[in-house]
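The values are calculated or read from the model by the stated rules, or taken from the named source; none is laboratory data. All figures in this text were calculated on a predicted structure; none of them were measured in a lab. Methodologically, a virtual Cβ is constructed for each residue, glycine included, from the backbone with ideal geometry; neighbour enumeration extends over all protein chains shown. Only protein heavy atoms, including side chains, enter the accessible area calculation; ligands, DNA and RNA are left aside. Shrake-Rupley method; radii C 1.70, N 1.55, O 1.52, S 1.80 Å.
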Amino acid sequence: MEQDLIDLLVGEHRRIESLFADIETAGSPAARRTALDAAITMLAAHTATEERLLHAHLPAELAEYEAAEHHRIDDLVARLTELNDVDPQFGLLLAALLEAVREHVQEEETELFPRLPQSVRVTE
């Protein structure tokens, strides 16, 4: 199936944002953990998609910047998954992760994606 790469990535961004909303509105620690686990899984898949399909269309320095952003987010995820929900650092790391991803998404959608060729398509 052929699809526009930007549409694919923006669709993934919306799914991640929906999972973040589920995290923030969860009625119990178990529900929050379930939503967080789903978000972490989606983030890993999304990062792999971007690195495999998007970075090839970027100048080297921009691809390196994007990879560094992904590494920063991956580091937050790794630190967060080492903690249980009652650890005092858990809430702080969770907030930092949500903010970092939201900033990254906004930067991509407002600054990076508009610079890409209109005909970037993928077959998956």
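Some values worked out for this structure:
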item: Nearest-20 debye value, region 18-59 charge dipole, Cβ charges on Lys, Arg, Asp, Glu; result: 80 debye
item: Carbon + sulfur, % of accessible area of region 3-124 - ligands and nucleic acids excluded, 1.4 Å; result: 55 percent
item: Theoretical FRET efficiency, 1/(1+(r/R0)^6), r = Cβ-Cβ of residue 116 and residue 86, R0 41 Å, to 0.05; result: 0.40
item: About the Cα centre, charge dipole magnitude for region 1-102 (Lys/Arg +1, Asp/Glu -1 at Cβ), debye; result: 340 debye
item: Label-point separation, residue 102 to residue 24 (7 Å along Cα→Cβ), nm; result: 0.4 nm
item: Solvent-accessible area per residue for the chain (1.4 angstrom probe, square angstrom); result: 56 Å²
item: Potential extension, residue 57-residue 71 segment - 0.36 nm per residue separation minus Cα distance; result: 3.1 nm
item: Cα-centre dipole for region 42-124 with unit charges at Cβ (Lys and Arg positive, Asp and Glu negative), debye to 20; result: 220 debye
item: Which label in (1) 43, 33, 30; (2) 47, 29, 22; (3) 52, 33, 26 gives the computed Cα extents along the principal axes in Å; result: (2)
item: Mean residue ellipticity (222 nm) of the chain, computed from DSSP H runs ≥ 4 via -39,500 (n - 2.57), nearest 500; result: -23500 deg cm²/dmol
